[in-house]
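The values are calculated or read from the model by the stated rules, or taken from the named source; none is laboratory data. Quick caveat: nothing in here was measured; it's all calculated off a predicted structure. Note that we place each Cβ from the backbone using ideal geometry, even for glycine, and neighbour counts take in every protein chain shown. To get the accessible areas, we keep the full protein, side chains included, count just its heavy atoms, and leave off ligands, DNA and RNA. Shrake-Rupley method; radii C 1.70, N 1.55, O 1.52, S 1.80 Å.
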Amino acid sequence: MTAKRSRFVWAAGAATVLATAATVLPAAALDGGDAPAQLNFTAKIAIGEKTACTGTLVDPQWVLTAKSCFTTAGISDTGRPAVATTVTVGRTDLTQTGGSVQQALALVPHADRDLVLVRLSTRVPGSVAVPVRVATTAATAGEQLTKAGFGRTKTEWVPNKLHSGTFTVASTTGTDVNLDGSDTATVCQGDAGGPALRTVNGTPELVAVGSRSWQGGCLGIDPAETRTNAVDTRVDGLAGWVKEIVSREKVTPADIDGDGKDDLVLQRIDGAVVVHRNLGSSFGAGTVMSNGWGRFLTGDDMGRLYFADITGDGKDDLIVHGTDGNISVRKNMGTYFDGGTHWSTGWGRFVNGTDLGRLYFADITGDGKDDLIVHGTDGNIAVRKNMGTYFDGGTHWSTGWGRFVTGTDLGRLYFADITGDGKADLIVHGTDGNIAVRKNMGTYFDGGTHWSTGWGRFVTGSDMGRLRFGDTTGDGKADMYVHVIGNGEVSVRKNMGTYFDGGTLMVTL
């Protein structure tokens, strides 16, 4: 058994070496026949000039494939592909036109499985391909799964058509599915990362992703090798992981150009800060204003970013809050942010909200410069006034908000000028779906007024989406931004004085 296992691992490694001279890595179906058009969520992934794999569209902007596909090409320190990576999805015949062909922007590997999520440049329209559902139950011994891939066949070195075949589950482990192939179904180079699918009530679902195989019968393999069994990586139960990765990208209303109307800032997972200008009835195409912030998305790595007008010039600056506790302000220079100036220290336990608390930035005093708001897990809210080059020692404003820090308990807080008096108010977003506005009274927030309901699935940002508040219309009163993660739509619900209107779609990210 030891010798057999060793040979199997060596075979997978040999395929990787071959990829540097030919086209691919291990993958899916020899002579299984051309795949049906319904499998058009299957993607061809070209990694540089010499490597190719197969993947599966699991979200309109994300493809799931094998992490081992990038062993040779590598993943850069920024999370971007180390070499140009092109993804074709929605086209089962590569000689035809149509589908979506685009560059991969970022790679997010799974911590302990041979899996990586590939972030596409743009969303794949539903008319081109519909993402496949991730299975919730594991494969069982004897179950038959359909595998698909763009890899070699028995007779073709670089096929132009997607192929599929039927494999039988031999057994499963905690992370893998062991598959038995046949004379007409084996996993070849180029099929790595390809889907293993079952059909439930007429709908395909992704059970596993191709990882390695013996490649018996594949073109270019020793004819003496007849074994067709393979190992796939289990994905059942990982829908939550996929959704968490997808939801990491954040939008923030911020007046970048200083025209009095908030633009839309997207923190992209590849570390880019992308500004979508406010055009009145829509947000324009994005422009990258800064790069290198991939480890500042969640607050769990190197820190967190905020956007607020610290200098008082009417243009929002970039605030960097590091896990080292330092806060620095990178001034908005119109088309970029400068190198930054240190403003405060000692906030290392306030980055992700799960330790001592969370920070916010908004103009509480009404002097045109955003202040630092400290929301502690003890429930207290203190305002540290912006003094021009630092924040003061703080003044207590409110208490009782200990269960609103992370968003996973009773709700979440925001700060924005809802009433239009130039001073930011406190917005309470409960997990019950209600939104209340507590007016800024100069030294405290009042008891609150109900403004909207039905937003219970927008609190954490990892369910249906996220809410943000900013002045889109330029009337001095903050409106409500609704970012739906599933379709990428950002709508703005205008502030009507005591409620928000039905909303206008402004951009699809």
Checklist entry - Residues in the stretch 419-434: is at least one closer than 21 Å to Thr298 by Cβ and surrounded by 15 or more Cβ atoms within 10 Å (Cβ to Cβ)? => result yes
Next on the checklist: Please count how many residues of the stretch 393-424 are acidic (Asp, Glu) and without any contact (Cβ under 8 Å) to a residue 24 or more places away in the chain.
Outcome noted: 1
Checklist entry - Quick check: anything in the stretch 92-107 charged (D, E, K, R) and open to solvent by less than 20 Å² (accessible area, probe 1.4 Å)? => result no
Next on the checklist: Condition first: assigned to a loop (DSSP other than H, G, I, E, B), open to solvent by 30 Å² or more (accessible area, probe 1.4 Å) and within 16 Å of Asp59 (Cβ to Cβ). Now tell me which residues in the stretch 443-490 satisfy that.
Outcome noted: Ser462, Asp463, Met464, Gly486, Asn487
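Search the stretch 380-392 for residues being of a type outside the set (Phe, Trp, Tyr) and open to solvent by 60 Å² or more (accessible area, probe 1.4 Å), and hand back the single one that is farthest from Thr311 (Cα to Cα).
Of everything passing the filter in the stretch 380-392, Arg384 is farthest from Thr311 (Cα to Cα).
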Item to check | Subset of the stretch 491-509 that is at negative phi and in a loop (DSSP other than H, G, I, E, B) - its residue that is surrounded by the most Cβ atoms within 10 Å (Cβ to Cβ) | outcome: Leu509
Next on the checklist: I'd like to verify a number: residues in the stretch 164-178 that are more than 17 Å from Ala66 (Cβ to Cβ) and touching a Gly at 6+ places or on another chain (Cβ under 6 Å), how many?
Outcome noted: 2
Checklist outcome for this item: Those residues of the stretch 329-347 which are open to solvent by 30 Å² or more (accessible area, probe 1.4 Å) and either touching an Asp or Glu at 6+ places or on another chain (Cβ under 6 Å) or under 17 Å from Gly292 (Cβ atoms) (or both) amount to Arg330, Lys331, Met333, Thr335, Tyr336, Asp338, Gly339, Gly340
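What about Gly280, is it open to solvent by 40 Å² or more (accessible area, probe 1.4 Å), among the small types (Gly, Ala, Ser), at pLDDT 95 or above and on the phi > 0 side of the Ramachandran plot? Give the derivation first.
Numbers: open to solvent by 40 Å² or more (accessible area, probe 1.4 Å): yes; among the small types (Gly, Ala, Ser): yes; at pLDDT 95 or above: yes; on the phi > 0 side of the Ramachandran plot: yes.
The answer is yes for Gly280.
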Checklist entry - Residues of the stretch 372-392 being among the acidic types (Asp, Glu) and touching a residue at least 24 places away in the same chain (Cβ under 8 Å), which ones? => result Asp378
Checklist entry - What is the number of the single condition among (1) touching a residue at least 12 places away in the same chain (Cβ under 8 Å); (2) of a type outside the set (A, V, I, L, M); (3) in a loop (DSSP other than H, G, I, E, B) that Thr88 does not meet? => result (3)
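A quick yes/no check of all residues on (1) over 32 Å from the mean Cα position of the chain (by Cα); (2) more than 23 Å from Ala46 (Cα to Cα); (3) of a type in the set (Gly, Ala, Ser):
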residue: Val130; (1), (2), (3): no, no, no
residue: Ala135; (1), (2), (3): no, yes, yes
residue: Leu145; (1), (2), (3): no, yes, no
residue: Asn160; (1), (2), (3): no, no, no
residue: Glu205; (1), (2), (3): no, yes, no
residue: Pro223; (1), (2), (3): yes, yes, no
residue: Asn229; (1), (2), (3): yes, yes, no
residue: Asp232; (1), (2), (3): no, no, no
Next on the checklist: Kindly evaluate Gly394 against the criterion of being touching a Gly at 6+ places or on another chain (Cβ under 9 Å), at positive phi and not basic (Lys, Arg).
Outcome noted: no
Next on the checklist: When you check Thr399 against the structure, is it modelled with pLDDT of 95 or more, closer than 22 Å to Asp475 by Cβ and polar (S, T, N, Q), yes or no?
Outcome noted: no
Checklist entry - Somewhere in the stretch 309-323, is a residue open to solvent by 60 Å² or more (accessible area, probe 1.4 Å) and of a type in the set (D, E, K, R)? => result yes
Checklist entry - When both residues are 6+ apart or on different chains and their Cβ atoms are under 8 Å apart, which pairs have a first residue that lies in the stretch 223-237 and is among the small types (Gly, Ala, Ser), and a second that is open to solvent by 40 Å² or more (accessible area, probe 1.4 Å)? => result Ala230/Asn178; Ala230/Arg212; Gly237/Thr136
Checklist entry - Among the residues of the stretch 426-440, is there at least one that is more than 26 Å from Ser247 (Cα to Cα), touching a strand residue (DSSP E or B) at 6+ places or on another chain (Cβ under 9 Å) and charged (D, E, K, R)? => result yes
